[in-house]
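Report on the following structure.
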Amino acid sequence: MVQPSPPESQFLTLEESARVDAAFLSTHEKFLTRLTISSWRLLIQIAQDSGMAVEELTTEQIVAWFEKDAKIRREQGVEAAFLKW
C-alpha cells in the first residue's frame, strides 16, 4: 500500500508537477492530471483514517470525512485540519 504524504507536504511534488508539465497534454488535461493525482492521495488518507481500503469508501464516508476536517478547521484552526486551504 502506498503511504500518503504527510499533511504538511504538497499533494503533488515538484518532480511530479514537472512530469505533468512535460507530458504532451493540453492545459486542461494537465490540470485534470494534477487533480487526479492529488485526489488519489487524499482518498488514500481518507481510507487510512477510516481504517479501510480506498475501494471500500462510499460517497457518504468521503463527505463525512470532509465535514469532519472542516469542523476541525473551524474549531481548532487551519493548522489542526488535514487540508490547509
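Taking only protein heavy atoms and a 1.4 Å probe, the accessible area of the chain is 60% carbon and sulfur. Dipole orientation for segment 44-85: of the candidates 62, 76, 45, 76 has the Cα lying most toward the positive pole (charges on Cβ; Lys, Arg +1; Asp, Glu -1). Sorting the Cα pairs of the chain by distance into bins of 10 Å, from 0 upward, gives 16, 41, 32, 10, 0 percent per bin. Here the chain is treated with +1 on each Lys and Arg Cβ and -1 on each Asp and Glu Cβ, and its dipole about the Cα centre works out to around 220 debye. For the chain, the 222 nm mean residue ellipticity estimated from helices alone, with every DSSP H stretch of n ≥ 4 adding -39500 (n - 2.57) and the total spread over all residues, rounds to -20000 deg cm²/dmol. In the context of the full set of protein chains, the chain has a per residue accessible area of 73 Å² (1.4 Å probe).
Under the criterion of Cα pairs below 8 Å and six or more residues apart, the relative contact order for the chain equals 24 percent.
The values are calculated or read from the model by the stated rules, or taken from the named source; none is laboratory data. Because the structure is a prediction, the values reported are computed rather than measured. With ideal geometry, Cβ positions are generated from the backbone for all residues, glycine too; neighbour counts draw on all protein chains shown. The protein model used for the area step is the full one, side chains on, heavy atoms only, and it has no ligands, DNA or RNA in it. Shrake-Rupley method; radii C 1.70, N 1.55, O 1.52, S 1.80 Å.
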